[in-house]
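Working notes, beginning with the structure itself.
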Amino acid sequence: MSLLVVGLSHRSAPVSLLERAALAADTQAKLLQDTLAAEPAAEGTVLATCNRIELYADVDKFHAGVAELSTLLAQHSGVGLDELTPYLYVHYEDRAVHHLFSVACGLDSMVVGEGQILGQIKDALARGQELHTAGRLLNDLFQQALRVGKRAHSETGIDRAGQSLVTFGLEQLADGTDVDTWAKGKKALVIGAGSMSSLAAATLARSGVSEIVVANRTLARAERLAQILNEAGGTGVTAHAVEMVAVGDELTRADVVVSCTGATGLVLTGEDVETAVRGRRTPLALLDLAMPRDIDAAAHRVPGVRLVDIESLAEASADAPMAADVDQVRGIVSDEVAAFGAAQRAAHITPTVVALRTMAADVVAGEVARLEGRLPDLDEKQRAEITQTVRRVVDKLLHAPTVRVKQLASEPGGAGYADALRTLFDLDPETVASVSRADLNDADVKNRGRV
């Protein structure tokens, strides 16, 4: 395993740089294609969220891999390599596994313990599978990261430490007032109909807003979200959908606006906001969860407007309390990293063990055939008994060393045992390689479409 991750997040870079480096979906696909075209990388996938951009790859050379992945990130993000490099972090092998597992548990999130990252990891895996850039290592890694994240949330109280970015944002807008009290009876405008916007709409509905208007570039998706909100029982909210061209009019009626789209430019300019609040007596609350931003930062200077965006959330989260359960989650991560590394190292030697047993079976078959030529008068029962006896002898001779070598190979530094086994038994490298290719193809078939 030569896992490498190169990335940047809210912990390593200013939000303004993250905003500039944000990757659109088609850009992520091109980045992955170019990553596999690069010499050091055999497979790769991208984890891109509103506060992190990370490129994962299986590389055969560390330094060349770091240089290539850093260059590719710079090229596709549009941020110069010299400007980007000081904010990049690099994790390799077990440290890379530890990083992803920590991310999956919400330990590295802007709001510690939030669970939305699991859906984003799932999306990253699905993207790699769809583009056939995620092979056996990344499939195993990301599948295990999802399981570790779910385990952390089910076995600990990490949920008490964290909350969704939406909830945290609404708390900042409420500015010390209980969110349900603050939201009760308000009219809300939700711009976008993706996963984050849907979560925002559902959270607003539960918080007691009276009306939600959903605006989206694809009206059908907005209508579907509005329908879900209307059909949800117990909230009493009324929801309907509008096209994006109606956002200006709806802005004049709304008390709170949440925007999270995939747009590369501003959805609401400072002038849009200023026009919407002109002459109104009630304040306007804006929550921008998009990266890059949907709402012009100049809006916060408009009288009667309160704007909370990713940058202000990052500042606020720095002072957020962490629950004691975080230590328990860290323990889970450490245990899971060790188990994953042992499993990967053990899997590395499996093709060699299979090749050894195949060679032994060929030797048995050859000797039995030679015996039949020398003793042609043996009946079927005798021949079968002799064949079974020889096979048992070979199996018993191979059992202890093959079990022991798997155990040794699973330990740190155990990668050399496969080489030793190949040398001691003079195994054909091409036979071992063919077993590895067969395993890889089987894993690709089983994992394709699974997330």
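The values are calculated or read from the model by the stated rules, or taken from the named source; none is laboratory data. Quick caveat, the model's predicted, so the values are computed rather than measured. Quick reminder, even Gly has a Cβ in these numbers, built from the backbone with ideal geometry, and neighbours come from all protein chains shown. SASA here: full protein model, heavy atoms, side chains in, ligands and nucleic acids out. Shrake-Rupley method; radii C 1.70, N 1.55, O 1.52, S 1.80 Å.
From the phi of every residue in region 338-343, what ³J(HN,Hα) in whole Hz does the Karplus formula 6.51 cos²θ - 1.76 cosθ + 1.60 yield, where θ is phi - 60° and glycine or proline is x?
Rounded to whole hertz, the list is 4, 5, 5, x, 5, 5.
Rank Glu211, Glu271 by accessible area, highest first, at a 1.4 Å probe radius?
Glu271, Glu211
From the phi of every residue in region 252-258, what ³J(HN,Hα) in whole Hz does the Karplus formula 6.51 cos²θ - 1.76 cosθ + 1.60 yield, where θ is phi - 60° and glycine or proline is x?
6, 9, 7, 9, 9, 10, 10
When the chain is fully extended, how far beyond the present Cα-Cα distance does Met359 get from Ser195, taking 0.36 nm per residue of separation?
53.7 nm
How big is the antiparallel share of DSSP beta bridges in the chain, given as a percent to the nearest 5?
45
Quick check: the angle from helix 195-207's long axis to the longest principal axis of the chain, C-alpha only, nearest 10 degrees?
It is inclined by approximately 50 degrees.
Once ligands and nucleic acids are excluded and a 1.4 Å probe is used, how much of Ile310 is accessible, expressed in Å² to the nearest 10?
Its heavy atoms expose roughly 10 Å² to the probe.
For the Cα atoms of the chain, what angle does the longest principal axis make with the long axis of helix 62-77, in degrees from 0 to 90, nearest 10?
Compared with the principal axis, the helix lies near 30 degrees.
Put Leu18, Leu408 in order of accessible area, largest first, 1.4 Å probe: what do you get?
Heavy-atom accessible area, descending, gives Leu408, Leu18.
For region 377-383, what does the Karplus curve 6.51 cos²θ - 1.76 cosθ + 1.60, with θ = phi - 60°, yield as ³J(HN,Hα) per residue in whole Hz, taken in order and with x for Gly and Pro?
Rounded to whole hertz, the list is 8, 5, 7, 4, 5, 5, 4.
Would you work out what percent of the accessible area of region 218-292, with all protein chains in place, is carbon or sulfur (probe 1.4 Å)?
Here carbon and sulfur together make up 49 percent of the probe-accessible area.
Out of residues 5 or more away from Asp309 or on other chains, whose amide H comes under 5 Å of its own, with H placed 1.01 Å from N in the peptide plane?
Sorted by chain and number, the residues that satisfy this are Asp288.
What does the charge dipole of the chain about its Cα centre add up to, to the nearest 20 debye, if the Cβ of each Lys and Arg holds +1 and the Cβ of each Asp and Glu holds -1?
The calculation lands at about 760 debye.
I'd like to check one number: the per residue accessible area of the chain, probe 1.4 Å, reported in Å² as a whole number.
The answer is 47 Å² per residue.
Would you please give the FRET efficiency between Leu375 and Asp335, computed as 1/(1 + (r/R0)^6) with r the Cβ-Cβ distance and R0 = 41 Å, to the nearest 0.05?
0.10
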